[in-house]
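Undergrad: Structure below; questions to follow.
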Amino acid sequence: MENFFFIILKWLIGFLLLWQVPRCRKSPWKGKREERISVIIPARNEEANLPRLLDTLELQTVRPEEIIVVDDSSTDKTSLLARKRGALVIQAGDLPDDWTGKTWACWKGARAATGSHLLFLDADTQLEPDGLEKIIGEYRVQKRGLLSVYPYHAMEKLFERLSAYFNLVTMMSMGIATVLGSRLKPMGAFGACILCSSQDYFLCGGHREVRREIMEDVALGMLFSRKGLPMRCLAGRGTVRFRMYPEGIGQMIEGWSKNFASGAKASHIGVVLLVFAWIYGNFEALACVLTASLQENALSLVGASLLYSAYVLQIHWMLRRIGNFGFHTAVLFPVSLLFFLFLFLYSLMLTFVVRRVRWRGRSIVLHPKTDRG
C-alpha cells in the first residue's frame, strides 16, 4: 500500500510538469501589418520535405516578404525544387571551423534577409493556412525578443510513435507547461519555428553567438534572455506541424541521440529531477502489473491494473495535445518508454564519453563548452 502511495505521488508530478500547454491564438488585430517577414529555411537534402513546406507558405492568409532557402551542401534536388517554387536559394558553401551546419545556414540566411522580422523554419515543418498570421499575432503580444513554437507532431507510420516520451520530456523539461505557467521562464527556444525581429537578432549576435552548439535553439533562447529580451515558447497545434524522422528508426536514433542528453544538462535541475521521478513512476506502474501477475494475487492485480490504467489515461491526455499519437500509444507506453531509456543512455555515451555525434551525414565533435545551454 505504501509503495502504491509513492507511485501515485509520482503520477501527480506529471500533472505539475505538463498541465496547461500554451498555444497560438487567433489574433483579433485587423490593422495595418507593419512586420515584413523573411522566412529562412536551412535545408540539407530536404527534397522530400521542402516542397510541402513551401506549398503551405503559398497558402498563407498573411504572406511573407520573402522566402530564403539556404542549401547546406545538399546532394539531392533541394535547390532545384526550391527555385521552382519561387524561393530565393542561397548556397551555404564550405562550413567554417567551430560552426555547426544549421547555425551557419541560419546565419547566412539572416544576413541575406531584407525583412524587418526573421522567421526560422525547419524544412520538415508545415504551416496551417492561418499559421503565420497566428504567429505574428502572438509576437505582437511581447513586441520584442524571441517567440518559438513547438510544432504539432503529425505521424503516419507506427514506428514514429516511439518518439512519444521524447516529445513529453522535451515539453516538460522546457518548463513551458507547468502549473506555474508563465512564472517559470522557459529554458530555451524550439528551433523548428522561431520568430524575432531582425534588429533584436543582430543585437544579440544571433546564430553566430551559438555557432558551436548542437542544441542551438536552446542556446539561442537563453542568449535572448541574457540580453534582457523577452522569450516565449508555445505549442503548435492548429498553427504549425512537423513529421519528425519519417525515414526510419535509424534516422530517429541519430536525431534524438545527438542532443537529448545535452538538453537534460541545460534544463532546470529541479525540473529534471521531477521529470525523472515521473518517468520512474511509469516503470514502477509496469513493474507492479508484472509482479502481481506472477504472484497470481487477484486483489494485487486489480490494484496494479488500476495504477497502470491511471498512467495510460494521463499519458494519452498529455500526448493528444502535442501530436496524433493515438490511444494505443498510451496503452502500450512501456514500448516507447523502453525505447526512450535505451536512446537516452546512448545519448549520454555520445555526449560525455565519445563526444561526437552524427547528423545528416556529418560527424560533429562536441567541444567542452558545446551545449552548455
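Undergrad: Out of Leu12, Leu16, Leu50, Leu57, which single residue is out of contact with any Leu (no Cβ under 9 Å at 6 or more places or on another chain) and either in the same structural domain as Ala154 (by TED's automatic domain parsing) or not charged (D, E, K, R) (or both)? Let's see the steps before the verdict.
TA: Numbers: Leu16 fails: out of contact with any Leu (no Cβ under 9 Å at 6 or more places or on another chain); Leu50 fails: out of contact with any Leu (no Cβ under 9 Å at 6 or more places or on another chain); Leu57 fails: out of contact with any Leu (no Cβ under 9 Å at 6 or more places or on another chain).
When all the criteria are applied, what remains is Leu12.
Undergrad: Could you check, for the stretch 316-324, whether at least one of its residues is over 27 Å from Lys102 (Cα atoms), at pLDDT 85 or above and touching a Leu at 6+ places or on another chain (Cβ under 8 Å)? Walk me through how you get there before you give the answer.
TA: We begin by selecting, within the stretch 316-324, every residue over 27 Å from Lys102 (Cα atoms); these are 316-321, 324.
Restricting the remaining residues to those that are at pLDDT 85 or above gives 316-321, 324.
Subsequent filtering for residues that are touching a Leu at 6+ places or on another chain (Cβ under 8 Å) retains 318-319.
The answer is yes; a qualifying residue exists.
Undergrad: Ok, one more. Going residue by residue through the stretch 55-66, is there one that turns out to be closer than 22 Å to Arg360 by Cβ and either part of a helix (DSSP H, G or I) or of a type outside the set (Lys, Arg) (or both)?
TA: Taking every residue of the stretch 55-66 in turn, none turns out to be closer than 22 Å to Arg360 by Cβ and either part of a helix (DSSP H, G or I) or of a type outside the set (Lys, Arg) (or both).
Undergrad: Just checking, does the stretch 173-185 include any residue being of a type in the set (D, E, K, R) and in contact (Cβ under 8 Å) with a residue 24 or more places away in the chain?
TA: Scanning the stretch 173-185, I find at least one residue that is of a type in the set (D, E, K, R) and in contact (Cβ under 8 Å) with a residue 24 or more places away in the chain, so the answer is yes.
Undergrad: Closer than 19 Å to Gly205 by Cβ and either crowded, with 22+ Cβ neighbours inside 10 Å or assigned by TED's automatic domain parsing to the domain that holds Leu203 (or both) - does that describe any residue in the stretch 128-144?
TA: Scanning the stretch 128-144 turns up at least one residue that is closer than 19 Å to Gly205 by Cβ and either crowded, with 22+ Cβ neighbours inside 10 Å or assigned by TED's automatic domain parsing to the domain that holds Leu203 (or both).
Undergrad: Also: Going by the structure shown, is Gly270 farther than 27 Å from Thr100 by Cα, exposed (fewer than 15 other Cβ atoms within 10 Å of the Cβ) and modelled with pLDDT under 85?
TA: yes
Undergrad: Also, I was wondering about something else. Can you name every one of the helices (runs of 4 or more DSSP H) wholly within the stretch 140-232 that holds 3 or more residues which are over 12 Å from the mean Cα position of the chain (by Cα) and farther than 18 Å from Asp122 by Cα?
TA: 198-204, 216-226
Undergrad: Residue by residue through the stretch 351-373, note down the ones that are surrounded by 16 or more Cβ atoms within 10 Å (Cβ to Cβ), out of contact with any Leu (no Cβ under 8 Å at 6 or more places or on another chain) and at pLDDT 70 or above.
TA: Listed by number, the residues that qualify are Arg360, Ile364.
Undergrad: Could you list all residues from the stretch 315-340 that are under 21 Å from the mean Cα position of the chain (by Cα), surrounded by 14 or more Cβ atoms within 10 Å (Cβ to Cβ) and part of a helix (DSSP H, G or I)?
TA: Ile315, His316, Met318, Leu319, Thr329, Ala330, Phe333, Ser336, Leu337, Leu338, Phe339, Phe340
Quick grid of which residues meet (1) in contact with a His (Cβ under 6 Å, 6 or more places away or on another chain); (2) farther than 21 Å from Arg211 by Cα; (3) of a type in the set (Ser, Thr, Tyr); (4) not assigned by TED's automatic domain parsing to the domain that holds Tyr201:
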{"site": "Ser74", "(1), (2), (3), (4)": "no, no, yes, no"}
{"site": "Ala82", "(1), (2), (3), (4)": "no, yes, no, no"}
{"site": "Gly86", "(1), (2), (3), (4)": "no, yes, no, no"}
{"site": "Val89", "(1), (2), (3), (4)": "no, yes, no, no"}
{"site": "Asp97", "(1), (2), (3), (4)": "no, no, no, no"}
{"site": "Trp107", "(1), (2), (3), (4)": "yes, no, no, no"}
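Undergrad: Scan the stretch 86-120 residue by residue and report those that are basic (Lys, Arg) and in contact (Cβ under 8 Å) with a residue 24 or more places away in the chain.
TA: Hits for the stretch 86-120 are Lys102, Lys108.
Undergrad: Turning to a different aspect of this structure: Output the number of residues of the stretch 219-248 satisfying the condition of being out of contact with any Phe, Trp or Tyr (no Cβ under 9 Å at 6 or more places or on another chain) and more than 30 Å from Thr61 (Cβ to Cβ).
TA: The qualifying residues number 8.
Undergrad: Hey, another quick one. Can you pull out every residue in the stretch 72-86 that is outside any helix (DSSP H, G or I) and either under 25 Å from the mean Cα position of the chain (by Cα) or of a type in the set (Asp, Glu) (or both)?
TA: Initially, the stretch 72-86 is screened for residues outside any helix (DSSP H, G or I), giving 72-77, 85-86.
Asp72, Ser73, Ser74, Asp76 - these are the residues of the stretch 72-86 that are outside any helix (DSSP H, G or I) and either under 25 Å from the mean Cα position of the chain (by Cα) or of a type in the set (Asp, Glu) (or both).
Undergrad: Can you find even one residue in the stretch 288-309 that is within 24 Å of the chain's Cα centre (by Cα), modelled with pLDDT of 85 or more and surrounded by fewer than 17 Cβ atoms within 10 Å (Cβ to Cβ)?
TA: Among the residues of the stretch 288-309, not one is within 24 Å of the chain's Cα centre (by Cα), modelled with pLDDT of 85 or more and surrounded by fewer than 17 Cβ atoms within 10 Å (Cβ to Cβ), which makes the answer no.
The values are calculated or read from the model by the stated rules, or taken from the named source; none is laboratory data. Values in this document were obtained by computation on a predicted structure and should not be read as measured data. Quick reminder, even Gly has a Cβ in these numbers, built from the backbone with ideal geometry, and neighbours come from all protein chains shown.
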